[in-house]
Amino acid sequence: MLRASAAPYAEFVPLINKTRTHNVVPGRELVGLRVAITAFFALDGFIFSGWVVRIPDIKHQTHASAGALGLALLGVSAGAVLTMMLTGRLCRRYGSHPVTVVWMVVLALSVALPPLTHSAPALGAVLLIFGAAYGGLNVRKTLTYPRGRQHTSDRTRGRTQASRLATARSWA
């Protein structure tokens, strides 16, 4: 019988998100953090919708067929999947703030690039970068989202709460 290892999942989602002792009423800092993170998920939706409504114009600009455009659009998903697997490790190694800043800068730059492309392969490469930034940033925010509960480990609780608050302050 083959047994799947939980090691990749444990590296992707920190243990602190899976172990809780009891419910705690969230304080003002956690409520503010939830509002900030929710606002950034909404901002992501606006950024993505701003790109999607321009697809017909970009298709015309690149003179891409339906198949070539479909392959180029696959770049968004491919980039997102690749970085979604790496973002947890990057956060653990470099910290939440630098990872968040890098993904925000890459997303801001990459959302402006699709209108500058003039071929389907160039559009695919640009969308790969856009998808990578978009996926990495969304995973980062999901790992930050507070649950309103106490963590079992005092050692990780202090570091995690400080990391969450520092990330929310950097976004504000």
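What follows is calculated from the coordinates using simple rules that are stated; it is not laboratory data. On a predicted model such as this, the values are computed, not experimentally measured, just so you know. Note that each Cβ is placed from the backbone with ideal geometry, even for glycine, and that neighbours are counted across all protein chains shown.
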>> Tell me the net charge near residue 98. Cut-off is 13 Å between Cβ atoms, residue 98 excluded, with +1 for each Lys or Arg and -1 for each Asp or Glu.
In response: +3
> Pulled fully out, how much extra length does the chain show between residue 118 and residue 94, if you take 0.36 nm times their separation in residues and subtract their Cα-Cα distance?
Replying inline: 5.0 nm
>> Suppose each label sits 7 Å from its Cα in the direction of the beta carbon; what would the residue 38-residue 60 distance come out to in nanometres?
In response: 3.9 nm
> Using the beta-carbon distance between residue 71 and residue 46 and R0 = 30 Å, what value does 1/(1 + (r/R0)^6) give for FRET efficiency, to the nearest 0.05?
Replying inline: 0.70
